[in-house]
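The values are calculated or read from the model by the stated rules, or taken from the named source; none is laboratory data. Just so we're clear, the structure is a prediction, and the values are computed from it rather than from any experiment. Heads up, the Cβs are rebuilt from the backbone with ideal geometry, glycines too, and the neighbour counts pull from every protein chain shown. Heads up: the accessible areas ignore ligands, DNA and RNA and are worked out on the full protein's heavy atoms, side chains in. Shrake-Rupley method; radii C 1.70, N 1.55, O 1.52, S 1.80 Å.
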Amino acid sequence: MNGPMGVFEFEAFSKGTFGIVDILADLTKEKGAITIIGGGDSVAACEQSGRAGDMSHISTGGGASLELMEGKVLPGVAALADK
């Protein structure tokens, strides 16, 4: 998950985001799926829903996480590899 489905901070708009969070958390717990939550708002939504502990991996890196999964070289990671 990379980005909430709506303005989850307001109860009237939270059902879509929390519904996706519940589905991902259930898949992880019940089926062993690997779930990767990326980005500060997505992390906040998982934490606010109470299901953050049910996810495989949580990162506030959002866009950087996506670029890393795409195989792009991230300057900070590359600098560590040079040491």
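In this structure, does residue 20 turn out to be in contact with a helix residue (DSSP H, G or I) (Cβ under 6 Å, 6 or more places away or on another chain) and either open to solvent by less than 60 Å² (accessible area, probe 1.4 Å) or within 20 Å of residue 5 (Cβ to Cβ) (or both)? No, not satisfied. Only a single criterion out of (1) in a loop (DSSP other than H, G, I, E, B); (2) over 15 Å from the mean Cα position of the chain (by Cα) is not satisfied by residue 8, namely (2). Residue count for the range 38-60, restricted to those that are open to solvent by less than 60 Å² (accessible area, probe 1.4 Å) and part of a helix (DSSP H, G or I): 9.
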